[in-house]
Amino acid sequence: MNIQNTVEIIPFSQDLKDHIKTLNIEWLQKFFRVEEKDEIVLSNPQEEIIDKGGLIFYAKYNDEIIGTVSLMKVDENTFELSKMAVSGKIQGLGIGNKLLTHCLVVAEESNINKLILYSNRKLLPAIHLYEKFGFVEVPLGNVNYERADIKMQKNIP
């Protein structure tokens with residue numbers, strides 16, 4: 001059975017707010033460290049993402065939240081794809097694919113012109129996923145995270 005078919009993408013709600021933190025802290029501690037900015041955003045997703053015009057989605061499977069992704073508003077036309085994480089016990093099954101597909105549909109429906117993201121070159125599976133979805137590398141510029149060494153963007157038709 002294909003797990004992607006039974007995964008539901010659901011929007012943020014206050015009762016699910018802890019999942020964005022739990023899922024992101026899990027992978028941050030595995031590969032990097034939790035920076036102060038992570039702690040602020042992940043502890044206050046309502047104030048730091050939703051109230052600023054952004055969106056948060058969760059991947060739900062068998063009544064369990066197994067993944068998350070955010071679209072953080074940069075300006076009227078640009079959103080940052082951010083805080084994407086999938087539970088370590090279920091990686092490699094296409095959940096990131098499904099979350100990213102959902103974000104692109106939402107971006108198109110919301111007339112968002114451009115998505116940007118920051119990542120790290122050592123996260124090869126993530127970089128390949130972004131490239132597969134049409135993200136291309138652009139100059140890094142000023143960045144808020146010490147772990148970020150690549151910036152990518154995708155223009156939404």
Quick check: pseudo-label points 7 Å beyond the Cα along Cα→Cβ at N77 and R121, how many nm apart are they?
3.0 nm
Just need the relative contact order of the chain here, percent rounded to a whole number, with Cα pairs under 8 Å and 6+ apart.
20 percent
Going through the range 116-149, which GluC sites (Glu not before Pro) have at most 12 other Cβ atoms within 10 Å and a DSSP loop state?
E146
Could you look at the chain and say what percent of its accessible area is carbon and sulfur, using a 1.4 Å probe and all protein chains?
48 percent
Computed FRET efficiency, Cβ-Cβ of N5 and L140, R0 25 Å: what is it to the nearest 0.05?
0.10
Only sites in a loop by DSSP and with at most 16 other Cβ atoms within 10 Å count here; which chymotrypsin sites (Phe, Trp or Tyr not before Pro) in the range 3-84 make the cut?
F32
Taking every alpha carbon pair in the chain, what does the distance histogram look like in 10 angstrom bins from 0, in percent?
10, 43, 40, 6, 0
Summed side-chain charge close to G94 - residues other than G94 whose Cβ falls under 15 Å, Lys, Arg +1, Asp, Glu -1:
+3
Considering only Cα-Cα distances, which of the following residue pairs are longer than 26 Å: K52/K89; K30/K52; K89/K154; K30/K132?
K52/K89; K30/K52; K89/K154
Potential lengthening between E47 and R147 on full extension [0.36 nm per residue; Cα-Cα distance subtracted]
33.6 nm
Averaged per residue, what accessible area in Å² does the chain show with a 1.4 Å probe, protein chains only?
53 Å²
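The values are calculated or read from the model by the stated rules, or taken from the named source; none is laboratory data. All of these numbers come straight from a predicted model, not from anything done at the bench. Neighbour counts are summed over all protein chains in view; Cβ atoms, including those assigned to glycine, are modelled from backbone coordinates with ideal geometry. When the accessible area is computed, the model is the full protein with side chains, heavy atoms only, and any ligands, DNA or RNA have been set aside. Shrake-Rupley method; radii C 1.70, N 1.55, O 1.52, S 1.80 Å.
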